[in-house]
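The values are calculated or read from the model by the stated rules, or taken from the named source; none is laboratory data. Keep in mind that this is a model prediction, so the values were computed, not measured. Ideal geometry is used to build each Cβ from the backbone, glycine not excepted, and the neighbour counts take in all protein chains shown.
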Amino acid sequence: MGMTDRKDELAANLAKVERRIAAACAAAGRRREEVTLIVVTKTYPAEDVRVLAELGVRHVAENRDQEAAPKAAACSDLPLTWHFVGQLQTNKVRSVIGYADHVHSVDRSRLVAALSKEAVRAGREVGCLIQVAFDAGESGRGERGGVSPEGIEELAAQVAEAPGLRLDGLMTVAPLTGAYAGRPRAAFDRLMDLSTDLRRAHPAATMVSAGMSADLEQAVAAGATHVRVGTAVLGVRPRLG
Ligand SMILES: *Cc1c(COP(=O)(O)O)cnc(C)c1O
């Protein structure tokens, strides 16, 4: 496919997603400006990120540092905000701090300490969202990362006090197992309740990151401020990501 064809395809997909978000906002009585679209570009090349920027996208997300670091470097001239949304190992934190403006997957104390140390070293302030797992088992951790709702308060306090970090809010991925499996709206409603609790202690932590290609309407209806959309904009991913 030529670059022009790809640009047309991405423009058409973006327009469709934009219509879905606008319709969901209208149905929920929310203003369109209350919801920020983050395009998840994992597995797609830097050229696509460049085209998305030309089409007006300002927020992109990645979930693997190995892939994200070179892509962000190749796109460093573009007016983009980078979100890191994947499970994060502490040995990748220094690299991630080099390009990420927001980390949505903060889910344990050691990670907060590592993010703080590297943000300070880099002279940056990085926004952190606590990833909430509604499928967390005995360990208190979810299958795909995240902390159980009971663990939010302590982690949030740690982020709020950590030099170089800013507590931005909460993130979740609709769970595939457990009581909320197949009920994204219920999971997102619960996330909103947890966000209300969080904002009592941390009024500036207003971000609520929820909803993907399949369930963005449910997330907007529940009150999400940020939706993370990959497939519906870029197409079905060529490999697992
Ligand atoms: C891949 C991914 C998305 C986007 O998922 P799609 O179904 O492709 O829209 C959103 N959030 C996270 C954390 C992801 O890893």
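For the stretch 76-95, the candidate set comprises residues that are within 14 Å of the ligand (Cβ to nearest atom) and of a type outside the set (Phe, Trp, Tyr); within that set, the residue that is nearest to ALA113 (Cα to Cα) is LEU88.
Screening ALA74 against (1) free of Cβ contacts under 8 Å to residues at least 60 places away in the same chain; (2) buried (at least 16 other Cβ atoms within 10 Å of the Cβ) leaves a single unmet condition, (2).
Inspection of the stretch 14-25 identifies at least one residue that is more than 25 Å from VAL236 (Cβ to Cβ) and either touching a helix residue (DSSP H, G or I) at 6+ places or on another chain (Cβ under 9 Å) or more than 16 Å from the ligand (Cβ to nearest atom) (or both). Any residue that is within 16 Å of the chain's Cα centre (by Cα), part of a loop (DSSP other than H, G, I, E, B) and more than 14 Å from the ligand (Cβ to nearest atom) - is there at least one of those in the stretch 162-181? No - not one qualifying residue is present in the stretch 162-181.
Quick check, is ALA204 over 17 Å from GLY86 (Cα atoms), out of contact with any helix residue (DSSP H, G or I) (no Cβ under 6 Å at 6 or more places or on another chain), in a loop (DSSP other than H, G, I, E, B) and at pLDDT 95 or above? Considered against the rule, which asks whether it is over 17 Å from GLY86 (Cα atoms), out of contact with any helix residue (DSSP H, G or I) (no Cβ under 6 Å at 6 or more places or on another chain), in a loop (DSSP other than H, G, I, E, B) and at pLDDT 95 or above, ALA204 comes out as yes.
The listed residues are ALA122, ALA136, ALA113, and the only one of them that is more than 21 Å from LEU198 (Cβ to Cβ) and either basic (Lys, Arg) or more than 17 Å from the chain's Cα centre (by Cα) (or both) turns out to be ALA122.
The number of residues in the stretch 217-235 that are within 8 Å of the ligand (Cβ to nearest atom), under 25 Å from THR196 (Cα atoms) and part of a helix (DSSP H, G or I) comes to 0.
Every listed requirement among (1) outside any loop (DSSP other than H, G, I, E, B); (2) within 26 Å of TYR44 (Cα to Cα) is met by MET192 save one, (2).
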